[in-house]
Amino acid sequence: MGAAPLDGALPPRHSGRVGDAAPQDDGYAWRPPPDVVERANVTRLMRAHGIGSMEELRRRATGDIAWFWDAVVRDLAIPFRTPYERVLDTSRGIPWATWFVGGRVNLAAACVDRWADDPASAGTTAIVAETEDGAVRTLSYRDLAAEVDRLALALRAGGIGRGDAVGVYLPMVAEAAIAAYAIARIGAVYVPIFSGFAAGAIAARLADAGARMVLTADGTLRRGRVIPLKAVVDEALAHCPTVERTVVLERLGLPGTPMRAGRDLPWDEFAAPHAGRAEPEDTGAEDPWLLAYTSGTTGRPKGAVHVHGGFLVKIAAEAAYQTDLKAGEALYWVTDMGWIMGPWALVGCGALGATMVLCEGAPDHPGPDRVWATAARHRAAVLGVSPTLVRSLKPRGDDWVRRHDLSALRVLGSTGEPWNPEPYEWLARVAGGGRVPIVNFSGGTEVGACFLSPTVVEPIKPCSLGGPSLGMDIDVLDPQGRPVREQVGELVCRQPWPGMTRGLWGDPQRYIASYWSHYPGLWRHGDWAMIDADGSWFLFGRSDEVISVAGKRLGPAEVESILVSHPAVQEAAAVGVPDDLKGEAIWCFWVPAAPDGPDVSDELLDLVAHELGRAFRPARALRVGALPRTRSAKILRRAVRAVAIGADPGDLSSAENPEALEAIRAALG
């Protein structure tokens with residue numbers, strides 16, 4: 001299928017020529033200085049192929065996707081043990097496309113051995129892991145390879161082999177990275193589980209994956225509290241008959257941690273007897289490595305399958321060309337290995353020979369400056385945050401940021417949800433010092449990576465996602481499947497990409513129904529998007545959360561952006577509830593910026609009406625103490641809506657604070 005007419009439909013008013021600065025009054029938040037353009041990884045790629053602008057690169061990358069992804073492999077020197085015979089095979093249809101046909105590559109060898117085996121890079125720092133109580137552990141690529149080998153040998157000795165699923169329920173400590181690579185090394189399937197999940201969510205994922213082993217810890221720290229992880233695992237394993245072995249890292253040395261004879265072993269006892277090289281399994285490019293679970297609207301999670309070759313190449317491209325990460329630099333993304341940005345950071349850093357910073361615990365504990373302090377302490381060149389996290393830190397004040405030296409910072413990364421202008425501007429001005437871009441991108445667990453993203457060599461509008469991520473043939477369609485510009489529509493992808501899920505684990509029908517059935521032959525992602533008159537792309541929330549007021553449709557993010565512009569509001573959620581007259585009415589739930597601040601609910605109703613029109617005046621605004629959200633800071637609007645209408649909120653396994661729903665229910669009366 002040919003490329004969508006993205007660039008041709010609305011030529012940007014800015015030339016798009018690399019290095020051309022946008023005018024100072026044209027509304028762009030970032031204008032790339034010549035030295036940034038000169039040093040950028042994407043500039044190297046373009047010059048190697050005689051390409052002079054990002055528009056030209058995007059057109060060529062979608063006009064010939066096989067050419068582009070082969071060019072990525074060559075530019076980043078991704079080491080395939082056996083070269084591939086063909087880049088792409090769509091003989092089974094686009095939903096079942098395969099990549100790098102005939103190629104053999106092992107993700108751990110490409111991300112660890114490549115650097116550890118080279119004397120020039122073996123001493124480069126690969127992992128920096130900081131615990132909540134302040135301990136820091138640093139591993140060079142040489143050190144990391146030794147730890148990965150040791151655990152890989154132990155896994156093999158324990159009967160784990162190619163294709164076996166291994167659950168990993170660990171906090172953000174060094175062993176979380178070691179485990180991911182060791183599982184890849186032996187060709188097993190890595191099943192990362194969010195470290196904040198309760199037993200039911202863990203059991204659902206382990207049982208669905210058919211996991212044979214679980215790697216966990218006795219406990220972790222979160223906001224100064226001890227969270228006994230092993231006890232949670234024990235509860236989950238009562239429902240997971242396939243699990244034969246549990247390996248327990250003594251992270252806290254908790255006395256009385258239960259150890260079941262014949263099943264449970266301390267990490268050191270399991271791994272210590274093994275030394276030497278664990279030769280990487282000769283995995284094919286399409287062999288599964290990662291089984292990443294995402295919550296559905298029902299209680300059953302979806303397991304997205306990602307493979308050694310495609311995931312490696314796509315993530316390497318994003319880290320290199322979007323965040324412009326370079327060998328030897330540090331990347332710190334505030335996330336958990338149980339969310340897709342954890343594996344993204346791991347593989348992005350490993351593929352480029354960079355340093356991954358892992359941080360256990362909460363980003364605002366023991367102080368509201370922990371994010372900034374960690375970034376400064378480890379000289380992070382790339383810092384990744386979510387809009388909700390920034391909205392929660394902004395009211396703490398500028399001084400918490402400015403007391404730390406962020407001079408090493410070159411890029412602020414962002415993902416997870418749409419922005420609103422005030423916190424975006426604050427992040428750029430205060431954390432970025434007005435000198436670094438916000439590379440805001442969006443994709444998903446099933447995407448394996450990103451659909452949309454700017455690069456550092458082109459102007460970026462506030463809150464924008466720039467344009468399609470390189471090699472991604474993205475469009476915006478109306479309900480009839482026609483491309484639209486300057487109006488909100490459904491985000492779709494017209495062609496396959498290397499990082500796309502190879503289906504949902506054990507459920508191919510659900511995969512097709514979820515992503516390929518709405519617009520036949522196109523991936524429908526479930527996001528509302530818009531391309532403005534200048535060719536900049538914006539997101540407006542999930543399309544399954546759209547609010548339809550008297551037949552007029554709008555995304556909740558549009559309402560929420562107005563709500564949080566009020567100085568008394570820290571964060572907000574807007575949902576649609578059934579209304580006899582209008583079909584749906586808007587209800588707003590807002591969290592005050594100060595606990596003892598005034599109740600401005602009536603002002604908020606008027607503010608939305610003023611900004612959007614009287615037809616969109618919310619029927620209700622309710623002040624609440626907190627909104628339910630995931631550890632990655634996404635607000636669970638579907639759960640808020642369910643409570644508002646008295647329905648079952650469904651799967652809450654991803655919620656960090658499910659108690660917020662009870663408070664909302666009580667406030668509703």
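The values are calculated or read from the model by the stated rules, or taken from the named source; none is laboratory data. Computed from a prediction, not measured in an experiment: that's the story for all the values here. Neighbour counts are summed over all protein chains in view; Cβ atoms, including those assigned to glycine, are modelled from backbone coordinates with ideal geometry. Accessible surface is based on the protein model in full, side chains and every heavy atom, while ligands, DNA and RNA are left aside. Shrake-Rupley method; radii C 1.70, N 1.55, O 1.52, S 1.80 Å.
Listed here are the residues, each with its yes/no results for (1) of a type in the set (S, T, N, Q); (2) open to solvent by 50 Å² or more (accessible area, probe 1.4 Å); (3) more than 22 Å from the chain's Cα centre (by Cα).
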| position | (1), (2), (3) |
| --- | --- |
| THR257 | yes, no, yes |
| GLY262 | no, yes, yes |
| LEU265 | no, no, yes |
| ALA275 | no, yes, yes |
| THR283 | yes, no, yes |
- Item | Leading residue by the ranking (modelled with the lowest pLDDT) among those in segment 553-573 that are in contact with a Lys or Arg (Cβ under 8 Å, 6 or more places away or on another chain) and either closer than 20 Å to LEU661 by Cβ or of a type in the set (S, T, N, Q) (or both) | PRO556
- Might you check whether a residue that is crowded, with 19+ Cβ neighbours inside 10 Å, without any contact (Cβ under 8 Å) to a residue 60 or more places away in the chain and part of a helix (DSSP H, G or I) occurs anywhere in segment 162-176? no
- Task: Specify the residue that is surrounded by the fewest Cβ atoms within 10 Å (Cβ to Cβ); the eligible residues are those in segment 440-473 that are under 11 Å from the mean Cα position of the chain (by Cα) and more than 21 Å from VAL36 (Cβ to Cβ).
- Result: GLY444
- Across segment 533-578, what is the total count of residues that are surrounded by fewer than 20 Cβ atoms within 10 Å (Cβ to Cβ), touching a Phe, Trp or Tyr at 6+ places or on another chain (Cβ under 7 Å) and not in a helix (DSSP H, G or I)? 2
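Would segment 352-375 turn up any residue that is of a type in the set (Phe, Trp, Tyr), more than 25 Å from LEU627 (Cβ to Cβ) and part of a helix (DSSP H, G or I)? Spell out the reasoning first.
Start the filter on segment 352-375 by keeping residues that are of a type in the set (Phe, Trp, Tyr), which leaves 372.
Still in the running and more than 25 Å from LEU627 (Cβ to Cβ): none.
No, there is no match, as no residue in segment 352-375 is of a type in the set (Phe, Trp, Tyr), more than 25 Å from LEU627 (Cβ to Cβ) and part of a helix (DSSP H, G or I).
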- Could you give every pair whose Cβ atoms fall below 6 Å, whose first residue belongs to segment 118-132 and is in contact (Cβ under 8 Å) with a residue 24 or more places away in the chain, and whose second residue is assigned to a loop (DSSP other than H, G, I, E, B) and of a type in the set (A, V, I, L, M, F, W, C), counting only separations of at least 6 or pairs across chains? ALA129/VAL173
- Of the criteria (1) under 22 Å from TYR515 (Cα atoms); (2) in contact with a strand residue (DSSP E or B) (Cβ under 7 Å, 6 or more places away or on another chain); (3) of a type in the set (S, T, N, Q), which one SER464 fails: (1)
- Item | So TYR332, is it hydroxyl-bearing (Ser, Thr, Tyr) and under 26 Å from ARG251 (Cα atoms) | yes
- Item | The one condition in (1) more than 26 Å from ALA203 (Cβ to Cβ); (2) surrounded by fewer than 16 Cβ atoms within 10 Å (Cβ to Cβ) that LYS582 fails to fulfil | (2)
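If I filter segment 627-669 down to residues being outside any helix (DSSP H, G or I) and over 23 Å from the mean Cα position of the chain (by Cα), which single residue comes out as surrounded by the most Cβ atoms within 10 Å (Cβ to Cβ)?
The initial filter retains those residues of segment 627-669 that are outside any helix (DSSP H, G or I), namely 627-636, 646-658, 669.
Checking the rest, the ones that are also over 23 Å from the mean Cα position of the chain (by Cα) come to 646-649, 669.
Values: GLY646: 9, ALA647: 11, ASP648: 10, PRO649: 18, GLY669: 5.
Ranking the candidates gives PRO649 first.
Got a sec? Which of ALA129, ALA146 is aliphatic (A, V, I, L, M), open to solvent by 30 Å² or more (accessible area, probe 1.4 Å) and within 30 Å of ALA375 (Cα to Cα)? If you could, list the steps in order and put the result at the bottom.
Working: ALA129 fails: open to solvent by 30 Å² or more (accessible area, probe 1.4 Å).
Exactly one of ALA129, ALA146 is aliphatic (A, V, I, L, M), open to solvent by 30 Å² or more (accessible area, probe 1.4 Å) and within 30 Å of ALA375 (Cα to Cα), namely ALA146.
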- Kindly check whether there is at least one residue in segment 321-329 that is touching a Gly at 6+ places or on another chain (Cβ under 6 Å), of a type outside the set (A, V, I, L, M, F, W, C) and crowded, with 23+ Cβ neighbours inside 10 Å. yes
- Note on the structure: Within segment 595-606, of all residues that are open to solvent by less than 40 Å² (accessible area, probe 1.4 Å) and in contact (Cβ under 8 Å) with a residue 24 or more places away in the chain, the one nearest to the chain's Cα centre (by Cα) is LEU604
- Would you mind stating whether ALA275 is within 17 Å of SER414 (Cα to Cα) and in contact with a Lys or Arg (Cβ under 8 Å, 6 or more places away or on another chain)? no
- Could you tell me whether any residue of segment 502-519 is surrounded by fewer than 21 Cβ atoms within 10 Å (Cβ to Cβ), at pLDDT 90 or above and within 19 Å of ARG58 (Cα to Cα)? no
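From the residues in segment 643-669 that are without any contact (Cβ under 8 Å) to a residue 40 or more places away in the chain and charged (D, E, K, R), which one is nearest to GLU545 (Cα to Cα)? Break it down into steps so the answer makes sense when it comes.
Initial filter on segment 643-669 (without any contact (Cβ under 8 Å) to a residue 40 or more places away in the chain): 643, 646-649, 652, 655, 657-663, 665-666, 669.
When the remaining residues are screened for being charged (D, E, K, R), the result is 648, 659, 662, 665.
Numbers: ASP648: 16, GLU659: 22, GLU662: 21, ARG665: 20 Å.
That would be ASP648.
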